[in-house]
Amino acid sequence: MYQYDTYDQRFIGERVAQYQDQVRRRLAGQLSEDEFRPLRLMNGLYLQLHAYMLRIAIPYGTLSSRQLRRLAYIARRWDRGFGHFTTRTNIQFHWIKLEETPDILASLAEVEMHSIQTSGNSFRNTTADPFAGVAVDEIEDPRPYCEIIRQWATLHPEFSFLPRKFKIALSGAPNDRAAIKIHDIGLYLRRNAEGEVGFEVLVGGGLGRTPILAQTIRPFIAKRDILSYLEAILRIYNQYGRRDNLFKARIKILVQSLGIDRMREEVEVEWAAMDHAALALPEEAIAEMARFFPAPDPTPAPADDEAFRAVLEAECGFARWVEQNVAPHKVPGHAIVTVSLKEPGVTPGDCTAEQMELVADLADRYGFGEIRLTHEQNLVLPQIRRIDLPVVWRSLKEARLATANVALASAIIACPGLDYCGLATARSIPVAQRLAIALAPREREIGDLQIKISGCINACGHHHVGHIGLLGVDKNGEEFYQITLGGSADENAALGTIVGPAVKSDEVVNSVDKIVDVYLKLRQEGEQLPETYRRVGNKPFKDVLYAAH
């Protein structure tokens with residue numbers, strides 16, 4: 001992973017000192033809340049329902065074991081012993097005291113971390129495939145380009161005050177594990193007819209009040225030109241993006257209003273007029289950045305041994321975990337382990353300080369000291385020898401981190417909702433907990449099923465692209481949930497459609513059960529719910545769901 005140089009460290013140190021003085025002045029009454037608000041938001045500090053929330057950036061979802069231990073330390077010393085991993089591969093601490101935030105930022109700076117641009121109308125955390133660098137289907141590791149984009153975007157003088165927040169995601173594989181099409185800009189590494197590797201550029205995706213999938217603006221651009229092309233897109237957005245209406249300020253609305261062909265024309269004209277040399281990425285620069293992201297240990301390891309086979313045969317829990325949570329690795333004898341933060345009944349994405357430390361220990365002992373985050377709110381150990389899987393599983397099991405439910409019905413994505421967030425209109429956490437407990441006994445029969453819950457229209461829980469999506473709404477002080485069906489966030493991304501009227505919070509579990517029953521009855525072999533839904537339409541689900549109404 002990328003290591004700070006002296007410039008990076010000095011920059012972060014100066015930012016901490018600036019913020020420390022800003023907090024001092026706020027506590028002394030020299031700054032009003034209105035004056036302080038933009039300053040704290042520049043450093044990822046939100047004022048929520050019960051306390052301040054600090055959002056910490058985890059660029060492209062990559063952590064060292066040292067950094068994860070520091071997050072555990074922060075959880076224990078300054079929060080309530082846990083943190084919440086988000087769909088943006090950040091971590092949030094929800095019980096922070098204002099006067100202690102400068103110490104937290106200083107502590108983060110010691111391990112090359114910060115909270116800059118985790119809020120406000122600027123670039124947010126650039127995200128990537130959590131299997132980057134080790135996936136068997138990968139064309140090229142996208143993380144060096146993520147870091148190059150991060151450095152280009154951080155406090156960019158022309159784009160520090162965009163019409164709205166701006167999100168970029170990259171994937172180096174044809175199988176999309178980074179939800180590319182729901183981003184303002186999405187980048188796929190592609191190989192053209194000549195065998196050259198470059199980028200397909202998509203623009204105009206996003207969820208929230210107006211969900212839209214990104215469209216391809218350029219099928220292929222050379223790697224050397226990617227920064228200049230991104231800059232051209234941002235210039236057009238900065239020039240034409242709406243600033244008079246908060247709900248129409250995202251680039252997706254600009255693309256929708258202009259149309260993708262007109263947007264492409266504007267960007268291409270802007271790009272043609274630019275000095276490409278100033279932002280060109282020579283091969284040497286790419287190679288130098290790639291040095292921070294070395295390829296995995298190429299030494300093959302045994303796929304299994306007698307001890308491994310014995311555990312596989314004797315422990316059905318281990319066998320299920322290997323089947324569900326362990327993915328193939330590009331190096332023979334190694335594996336990619338997804339650590340589920342979705343034990344039924346817990347808050348999705350929450351992780352205690354003790355659990356963070358355990359995962360850091362496992363990463364050091366068996367996984368080259370590296371941890372990844374996913375937009376499904378799980379952790380990943382990207383390089384574990386298969387023969388070490390039994391001992392890793394036992395350790396995770398003791399820490400209640402070995403739930404074998406990745407991509408299954410109980411692995412629900414959910415935002416913090418009204419338990420924490422001042423923007424929320426419903427409590428997504430208890431709904432997620434009840435659903436996970438109810439569905440867990442039958443989830444192996446159901447198979448892959450992605451349920452995503454948002455506590456408000458801002459869609460932090462990605463409900464629009466859930467196989468089953470649940471959106472919390474307030475109706476005269478009572479919590480209801482609008483149900484969408486048929487969404488997906490992968491390379492075949494689709495937005496779910498509303499199945500009918502919203503249901504009361506206490507009816508959600510029963511309603512989802514009915515939907516699942518219809519799906520199991522009507523699905524054909526190999527179909528996931530979105531495919532069945534698109535084939536049979538809305539009526540079979542709606543008829544059963546509202547039969548008693």
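Looking at (1) outside any helix (DSSP H, G or I); (2) modelled with pLDDT of 95 or more; (3) surrounded by fewer than 23 Cβ atoms within 10 Å (Cβ to Cβ); (4) out of contact with any Lys or Arg (no Cβ under 8 Å at 6 or more places or on another chain), which is the one condition that is false for TRP95?
(4)
Check GLY417, GLY472 and return the single one that is in contact with a Ser or Thr (Cβ under 7 Å, 6 or more places away or on another chain) and farther than 22 Å from VAL544 by Cα.
GLY417
Evaluate the range 1-20: report whether one residue or more is touching a strand residue (DSSP E or B) at 6+ places or on another chain (Cβ under 7 Å) and modelled with pLDDT of 95 or more. Explain how you work it out, then say what you get.
In the first step, residues of the range 1-20 are kept if they are touching a strand residue (DSSP E or B) at 6+ places or on another chain (Cβ under 7 Å); the result is 1.
Next, from what is left, pick out any that are modelled with pLDDT of 95 or more: none.
Scanning the range 1-20 turns up no residue that is touching a strand residue (DSSP E or B) at 6+ places or on another chain (Cβ under 7 Å) and modelled with pLDDT of 95 or more.
Looking at this structure, is GLY81 surrounded by fewer than 22 Cβ atoms within 10 Å (Cβ to Cβ) and at pLDDT below 95?
On the way: surrounded by fewer than 22 Cβ atoms within 10 Å (Cβ to Cβ): yes; at pLDDT below 95: no.
Considered against the rule, which asks whether it is surrounded by fewer than 22 Cβ atoms within 10 Å (Cβ to Cβ) and at pLDDT below 95, GLY81 comes out as no.
Among (1) surrounded by fewer than 20 Cβ atoms within 10 Å (Cβ to Cβ); (2) at pLDDT 95 or above; (3) not assigned by TED's automatic domain parsing to the domain that holds ALA51, where does PHE161 come up short?
Among (1) surrounded by fewer than 20 Cβ atoms within 10 Å (Cβ to Cβ); (2) at pLDDT 95 or above; (3) not assigned by TED's automatic domain parsing to the domain that holds ALA51, the lone unmet condition for PHE161 is (2).
Over 23 Å from GLN9 (Cβ atoms), touching a residue at least 24 places away in the same chain (Cβ under 8 Å), among the polar types (S, T, N, Q) and outside the structural domain of LEU207 (by TED's automatic domain parsing) - does that describe any residue in the range 97-117? Walk me through how you get there before you give the answer.
Taking the range 97-117 as the starting set, the residues that turn out to be over 23 Å from GLN9 (Cβ atoms) are 97-99.
Cutting the leftovers down to touching a residue at least 24 places away in the same chain (Cβ under 8 Å) gives us 97-99.
Checking the rest, the ones that are also among the polar types (S, T, N, Q) come to none.
No: zero hits.
Being surrounded by 13 or more Cβ atoms within 10 Å (Cβ to Cβ) and touching a helix residue (DSSP H, G or I) at 6+ places or on another chain (Cβ under 6 Å) is true for just one of ALA249, ALA285, ALA290, ALA301. Which residue is that? First the steps, then the outcome.
Numbers: ALA249 fails: touching a helix residue (DSSP H, G or I) at 6+ places or on another chain (Cβ under 6 Å); ALA285 fails: touching a helix residue (DSSP H, G or I) at 6+ places or on another chain (Cβ under 6 Å); ALA301 fails: touching a helix residue (DSSP H, G or I) at 6+ places or on another chain (Cβ under 6 Å).
None of the other options fit; the residue is ALA290.
Regarding LEU49, is this residue closer than 21 Å to ALA424 by Cβ, surrounded by fewer than 18 Cβ atoms within 10 Å (Cβ to Cβ) and more than 19 Å from the chain's Cα centre (by Cα)? Reasoning before the result, please.
Working: closer than 21 Å to ALA424 by Cβ: yes; surrounded by fewer than 18 Cβ atoms within 10 Å (Cβ to Cβ): yes; more than 19 Å from the chain's Cα centre (by Cα): yes.
Yes; evaluated as a whole, the condition is true for this residue.
Residue by residue through the range 222-259, note down the ones that are aliphatic (A, V, I, L, M), out of contact with any Asp or Glu (no Cβ under 8 Å at 6 or more places or on another chain), assigned to a helix (DSSP H, G or I) and under 22 Å from ILE149 (Cβ atoms).
The initial filter retains those residues of the range 222-259 that are aliphatic (A, V, I, L, M), namely 222, 226-227, 230, 232-234, 236, 246, 249, 251, 253-255, 258.
Keeping just the survivors that are out of contact with any Asp or Glu (no Cβ under 8 Å at 6 or more places or on another chain) gives 226-227, 230, 233, 246, 249, 253-255.
Filter once more, keeping what is assigned to a helix (DSSP H, G or I): 226-227, 230, 233, 246, 253-255.
Residues satisfying the conditions are ILE226, LEU227, LEU230, ILE233, LEU254, VAL255.
Looking at the range 1-78, what strands (runs of 3 or more DSSP E) fall wholly within it and have at least 2 residues that are in contact with a helix residue (DSSP H, G or I) (Cβ under 7 Å, 6 or more places away or on another chain)? Lay out the reasoning, then the answer.
On the way: elements: 45-47, 52-56, 62-64.
The strands (runs of 3 or more DSSP E) meeting that bar are 52-56.
For GLY526, are the conditions met, namely being part of a loop (DSSP other than H, G, I, E, B) and either surrounded by 14 or more Cβ atoms within 10 Å (Cβ to Cβ) or touching a Phe, Trp or Tyr at 6+ places or on another chain (Cβ under 7 Å) (or both)?
Numbers: part of a loop (DSSP other than H, G, I, E, B): yes; either surrounded by 14 or more Cβ atoms within 10 Å (Cβ to Cβ) or touching a Phe, Trp or Tyr at 6+ places or on another chain (Cβ under 7 Å) (or both): no.
So GLY526 fails the test.
Going through the range 342-389 one residue at a time, which ones are of a type in the set (Gly, Ala, Ser), within 23 Å of GLU443 (Cα to Cα) and over 20 Å from the mean Cα position of the chain (by Cα)? Working first, answer last.
Of all residues in the range 342-389, those of a type in the set (Gly, Ala, Ser) come to 345, 349, 353, 360, 363, 367, 369.
Right, trim to within 23 Å of GLU443 (Cα to Cα) and you get 345, 349.
GLY345, the sole residue that qualifies.
Is there any pair with a first residue in the range 310-325 that is in the same structural domain as LEU341 (by TED's automatic domain parsing) and loosely packed, with under 12 Cβ neighbours inside 10 Å and a second that is charged (D, E, K, R) and at pLDDT 95 or above whose Cβ atoms are under 6 Å apart and which are 6 or more apart or on different chains, and what are they?
Final answer for the pair search is none.
Can you list the strands (runs of 3 or more DSSP E) found entirely within the range 286-399 that contain at least 2 residues being among the aromatic types (Phe, Trp, Tyr) and under 27 Å from THR86 (Cβ atoms)?
Numbers: elements: 326-328, 334-339, 350-352, 370-373, 379-385.
In the range 286-399, no matching strands (runs of 3 or more DSSP E) lie anywhere.
The values are calculated or read from the model by the stated rules, or taken from the named source; none is laboratory data. Note that the coordinates shown come from a computational prediction; the quantities given were computed from them, not determined experimentally. Note that each Cβ is placed from the backbone with ideal geometry, even for glycine, and that neighbours are counted across all protein chains shown.
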